[in-house]
1. Which of the numbered conditions does residue 125 fail, given that it passes all the others? Conditions: (1) touching a residue at least 60 places away in the same chain (Cβ under 8 Å); (2) surrounded by 20 or more Cβ atoms within 10 Å (Cβ to Cβ).
2. How many residues does the stretch 130-157 hold that are touching a strand residue (DSSP E or B) at 6+ places or on another chain (Cβ under 9 Å) and part of a helix (DSSP H, G or I)?
3. Output the residue which, of all residues in the stretch 43-65 that are touching a helix residue (DSSP H, G or I) at 6+ places or on another chain (Cβ under 6 Å) and part of a helix (DSSP H, G or I), is nearest to residue 361 (Cα to Cα).
4. If residue 183 satisfies every condition in (1) within 14 Å of the ligand (Cβ to nearest atom); (2) touching a residue at least 60 places away in the same chain (Cβ under 8 Å); (3) closer than 18 Å to residue 35 by Cβ but one, which is the exception?
5. Residue under question is residue 52, and the condition is that it be modelled with pLDDT under 95 and more than 12 Å from the ligand (Cβ to nearest atom); does it hold?
6. Testing residue 177 on (1) free of Cβ contacts under 8 Å to residues at least 40 places away in the same chain; (2) in the same structural domain as residue 333 (by TED's automatic domain parsing); (3) touching a strand residue (DSSP E or B) at 6+ places or on another chain (Cβ under 6 Å); (4) outside any loop (DSSP other than H, G, I, E, B), one condition comes back false. Which one is that?
7. Could you figure out which of (1) farther than 14 Å from residue 355 by Cα; (2) in contact (Cβ under 8 Å) with a residue 40 or more places away in the chain; (3) near the ligand (Cβ under 9 Å from one of its atoms) isn't true of residue 70?
Ligand SMILES: C[S@@+](CC[C@H](N)C(=O)[O-])C[C@H]1O[C@@H](n2cnc3c(N)ncnc32)[C@H](O)[C@@H]1O
């Protein structure tokens, strides 16, 4: 199948299945770079597919602290991406980036027009952080990329921002696919984000066939339980049971204020002001401003005012912690920074599902030995031979 022909579905499924199943230590199957890295949500998804991160950029020092703590073997974190020369970035197979959304200025374009020069979408990206992604794609020509952003990127500036982004990626020669994905199939949170995937080879990619858990989770799956080990400052032991610290319960003053605000909001027809959930529910989107009052996701408590989620619960809500597998994320920053970092991040199992599909597209028969067992190699190679 090497290169341009379209592989059979069974062939891709066999690789995907094998990547998901095979937990033996192995050689990295591909290299990737992590731009606008935050706390490394995209990295987690691609490391889970046996990828190796060869370059990281993140400007925020608090996010870097969390990143370094959780990826102690990580290479140096480069700061401001606008100061990095694309040619200095190591070669890689996949570029990852959850870039900040900015409008594209028309000024540069009209100046170019007046000089009589033809311009394309690529020119229009200048002066934005997306331009830095474009410059790296141009210089390094990775085989694939995954970009992530808020759903509203598509309607930003009357749809113009998105048109420029998709146009620029296609002008670079990539085959581009995009989809708004709601994370509530994987975690108990309605979080809609747009994912843009591009391949240098002419392959197809179907976001609709991502592997999803059979049962969608509810908040009970991520809230602290009375039988779990206490973890200060989030939970404490009280009469032999683990309970959430009182610091997360809203004060009478704040709870009063939020209720008055919510009523006014509703009367004006502006939707939710604040939302209180139980373990049976699925939460609204955790935002980067959750640290302000927590109003978008409050948890009902018997005989008390509602409480905010703890940062540990936020880690679970974003899929960084997987309670049944006890893969605890370390949170080395203040609650304020932690809420901001999780609110800015990605839902890890969603990224894992996309990464698994992308990597199945990228691997070629000669690369199988590093990732597949012998029996599977035979199965896949024989399937490939008839594809
Ligand atoms: C939406 S967040 C991405 C979060 C990330 N995907 C994660 O899993 O945590 C965007 C990140 O870009 C970073 N950023 C903004 N401007 C930057 C720049 N010029 N260079 C490097 N990072 C930058 C921000 O600090 C922020 O952490």
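1. Unmet for residue 125, out of (1) touching a residue at least 60 places away in the same chain (Cβ under 8 Å); (2) surrounded by 20 or more Cβ atoms within 10 Å (Cβ to Cβ): (1).
2. Summing the residues that are touching a strand residue (DSSP E or B) at 6+ places or on another chain (Cβ under 9 Å) and part of a helix (DSSP H, G or I) in the stretch 130-157 gives 11.
3. Ranking the candidates gives 46 first.
4. (3)
5. no
6. Of (1) free of Cβ contacts under 8 Å to residues at least 40 places away in the same chain; (2) in the same structural domain as residue 333 (by TED's automatic domain parsing); (3) touching a strand residue (DSSP E or B) at 6+ places or on another chain (Cβ under 6 Å); (4) outside any loop (DSSP other than H, G, I, E, B), only one is false for residue 177: (2).
7. (3)
For (1) within 16 Å of the chain's Cα centre (by Cα); (2) within 16 Å of the ligand (Cβ to nearest atom); (3) in the same structural domain as residue 42 (by TED's automatic domain parsing), each residue gets a yes or a no:
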{"position": "297", "(1), (2), (3)": "no, no, no"}
{"position": "302", "(1), (2), (3)": "no, no, no"}
{"position": "305", "(1), (2), (3)": "no, no, no"}
{"position": "310", "(1), (2), (3)": "no, no, no"}
{"position": "319", "(1), (2), (3)": "yes, yes, no"}
{"position": "355", "(1), (2), (3)": "yes, yes, yes"}
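The values are calculated or read from the model by the stated rules, or taken from the named source; none is laboratory data. For clarity, every value in this text was computed on a predicted model and none was experimentally measured. So basically every Cβ, Gly included, is an ideal-geometry build from the backbone, and we count neighbours across all protein chains shown.
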